[in-house]
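Visitor: Starting off with a structure, shown below.
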Number of protein chains: 2
Amino acid sequence: MKLTSKGRYAVMALVDLARFNNINPVSLRDISLRQGISLDYLEQIFSKLKKNEIVKSIRGTQGGYVLNKNPNDIKLTNIFHAVDEKVKTVQCKKESKRGCNGKATKCITHNLWDELEIHINTFFENKSLNDLLNNNKETRV
Amino acid sequence: MKLTSKGRYAVMALVDLARFNNINPVSLRDISLRQGISLDYLEQIFSKLKKNEIVKSIRGTQGGYVLNKNPNDIKLTNIFHAVDEKVKTVQCKKESKRGCNGKATKCITHNLWDELEIHINTFFENKSLNDLLNNNKETRV
DNA sequence: CTAAACTTGACCATTTTAGTCAGGTATGTA
DNA sequence: TACATACCTGACTAAAATGGTCAAGTTTAG
């Protein structure tokens with residue numbers, strides 16, 4: 001069980017973006033340099049963030065990206081959802097007719113995984129981009 | 001971010017085992033049939049569970065596996081640890097000298113991933129095999 | 001009109017996952 | 001003692017996911 005780097009990068013990039021958000025659009029090139037993330041990969045990620053209306057793009061010279069919402073209203077759960085980072089514990093949910101493992105009933109640990117998903121998602125829903133900004137200010141050396 | 005099936009199977013198999021534990025050793029063959037998990041794969045998993053002293057094996061005809069501890073003392077965290085299912089959010093911890101992404105400092109979201117790991121691990125530490133047994137009894141159809 | 005920056009989609013090497021396969025070894029029972 | 005049952009071990013592998021790169025655009029400020 002691990003987080004993919006797509007999700008990690010998305011959050012890192014958005015925190016970076018949020019820091020400079022008030023002044024100017026931020027170019028992916030800058031984020032790439034500051035955060036050490038490949039430019040091409042960032043483009044894939046921001047394409048998804050834009051589709052999900054988390055950021056807006058401004059084209060042309062001096063263009064870049066800006067947040068499309070208040071940092072307080074951007075929850076981690078929104079970010080992860082945008083880049084297809086989902087908390088998935090059970091496969092069994094797919095086949096709605098049959099239970100898990102092709103049996104007629106739910107697998108004996110089904111409830112557990114449901115609980116776990118809720119537990120993790122709760123964490124993501126309560127954490128906003130703004131929380132991260134503050135947390136980072138406090139603890140930065 | 002998802003759970004691997006090795007971890008899921010380990011928990012499923014142990015719940016199955018715990019149900020019949022008081023009477024006789026349970027053969028992997030039976031678990032395989034009841035839970036729809038490949039026998040060969042189960043053997044890999046139980047080899048690890050045994051190394052971690054979660055189960056004991058009894059060889060020969062009528063042999064099988066039994067729990068090595070009270071179901072109350074087997075926490076999910078023990079099971080996952082045994083089968084190498086770990087909650088991993090940050091890569092950055094590996095290179096202790098340098099920070100994340102080869103930079104000198106911690107990445108700006110480092111604290112977040114630490115918090116998340118703790119959040120998830122807490123869940124696993126508080127859940128025992130016994131909890132699962134009871135939970136399953138209540139909700140089974 | 002040109003350089004900076006966004007946009008899109010195809011492509012790919014590596015790693016992980018989720019097993020299978022092919023051999024064993026130990027032991028209770030007939 | 002034979003043999004069936006069940007554990008034991010390690011090598012192997014197909015398929016999927018990951019973590020990107022590459023190429024070829026389009027848009028717009030200056």
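The values are calculated or read from the model by the stated rules, or taken from the named source; none is laboratory data. In this text the structure is predicted, and so the values were computed from the model without any measurement. With ideal geometry, Cβ positions are generated from the backbone for all residues, glycine too; neighbour counts draw on all protein chains shown. Remember, those area values only see protein heavy atoms, side chains included, never the ligands or the DNA or RNA. Shrake-Rupley method; radii C 1.70, N 1.55, O 1.52, S 1.80 Å.
Visitor: If you filter the stretch B:25-92 for trypsin sites (Lys or Arg not before Pro), then keep DSSP loop positions with at most 10 other Cβ within 10 Å, what is left?
Guide: Details: sites: B:Arg29, B:Arg34, B:Lys48, B:Lys50, B:Lys51, B:Lys56, B:Arg59, B:Lys69, B:Lys75, B:Lys86, B:Lys88; in loops: B:Arg59, B:Lys69, B:Lys86.
Those satisfying the criteria are B:Arg59.
Visitor: Could you work out the local net charge near B:Asp16, counting Lys and Arg as +1, Asp and Glu as -1, over the other residues with Cβ closer than 11 Å to its Cβ?
Guide: Working: positive: B:Arg19, B:Arg34; negative: B:Asp30.
So the environment of B:Asp16 carries a net charge of +1.
Visitor: Going by a ≥ b ≥ c, the root eigenvalues of the Cα gyration tensor, does the stretch B:1-97 fall in the rounded group (a/c under 1.5), the prolate group (a/b larger than b/c) or the oblate group?
Guide: Numbers: a/c = 2.36, a/b = 1.96, b/c = 1.21.
Judged from the Cα gyration tensor, the stretch B:1-97 comes out prolate (a/c at least 1.5, a/b above b/c).
Visitor: Further question: Just subtract the alpha-carbon distance of B:Glu43 and B:Thr61 from 0.36 nm times their residue separation and send over the number in nm, one decimal.
Guide: 4.8 nm
Visitor: Determine the sum of side-chain charges near A:Val83: Lys and Arg each +1, Asp and Glu each -1, restricted to other residues whose C-beta is under 13 angstrom from that of A:Val83.
Guide: Numbers: positive: A:Lys6, A:Arg8, A:Lys48, A:Lys50, A:Lys51, A:Lys86; negative: A:Glu43, A:Asp84, A:Glu85.
Every neighbour counted, the sum reads +3.
Visitor: Could I ask something else about it? Report the accessible surface area buried between chains A and B, summing both sides, using a 1.4 Å probe on protein heavy atoms only, in Å² rounded to the nearest 100.
Guide: 3900
Visitor: Would you mind checking B:Lys6/B:Lys51; A:Lys6/A:Lys50; B:Lys50/B:Lys88; B:Lys86/B:Lys106 for any pair whose Cα atoms are more than 18 angstrom apart? Provide the component values of the computation, followed by the final result.
Guide: On the way: B:Lys6/B:Lys51 16 Å; A:Lys6/A:Lys50 15 Å; B:Lys50/B:Lys88 24 Å; B:Lys86/B:Lys106 22 Å.
Too far apart for the 18 Å limit: B:Lys50/B:Lys88; B:Lys86/B:Lys106.
Visitor: Still on this model: Check A:Lys2: other-chain or 5+ apart residues with amide H under 5 Å from its amide H, H built from backbone geometry?
Guide: It is B:Lys2, B:Lys88, by chain and number.
Visitor: One decimal, nm, shortest first: give the distances between the label point of B:Ser5 and those of the same position in the other copies, each label point 7 Å from Cα along Cα→Cβ.
Guide: Copy-to-copy label distances at B:Ser5, shortest first: 2.7 nm.
Visitor: Let's test the formula: R0 of 22 Å, r as the Cβ-Cβ distance of B:Asn121 and B:Arg19. What FRET efficiency results, to the nearest 0.05?
Guide: On the way: r = 27 Å, r/R0 = 1.21.
Here the calculated transfer efficiency is 0.25.
Visitor: Kindly give the distances from A:Ile23 to its copy-mates, label point to label point, with each label point 7 Å from Cα along Cα→Cβ, as nm values to one decimal ordered shortest first.
Guide: 7.3
Visitor: Out of residues 5 or more away from B:Lys127 or on other chains, whose amide H comes under 5 Å of its own, with H placed 1.01 Å from N in the peptide plane?
Guide: B:Leu76, B:Thr77
Visitor: Here is a further query. For A:Lys56, place a label point 7 Å from Cα along the Cα-to-Cβ direction in every copy; what are the distances to the other copies, in nm, shortest first?
Guide: Nearest to farthest, the other copies are at 6.9 nm.
Visitor: Let me ask something else. Go through the stretch A:26-32 residue by residue and turn each phi into a ³J(HN,Hα) via Karplus (6.51, -1.76, 1.60, θ = phi - 60°); whole Hz please, and just put x for glycine and proline.
Guide: Residue by residue, the stretch A:26-32 yields 10, 7, 4, 4, 5, 4, 4 Hz.
Visitor: Right, something else. Spelling out what I want: for every residue of the stretch A:79-90, take phi, set θ = phi - 60°, compute 6.51 cos²θ - 1.76 cosθ + 1.60 (Karplus), and round to whole Hz; glycine and proline get x.
Guide: 5, 4, 4, 4, 9, 6, 8, 10, 7, 10, 10, 10
Visitor: Excluding ligands and nucleic acids, what accessible area in Å² is computed for A:Phe80 using a 1.4 Å probe, to the nearest 10?
Guide: Answer for A:Phe80: close to 10 Å² accessible.
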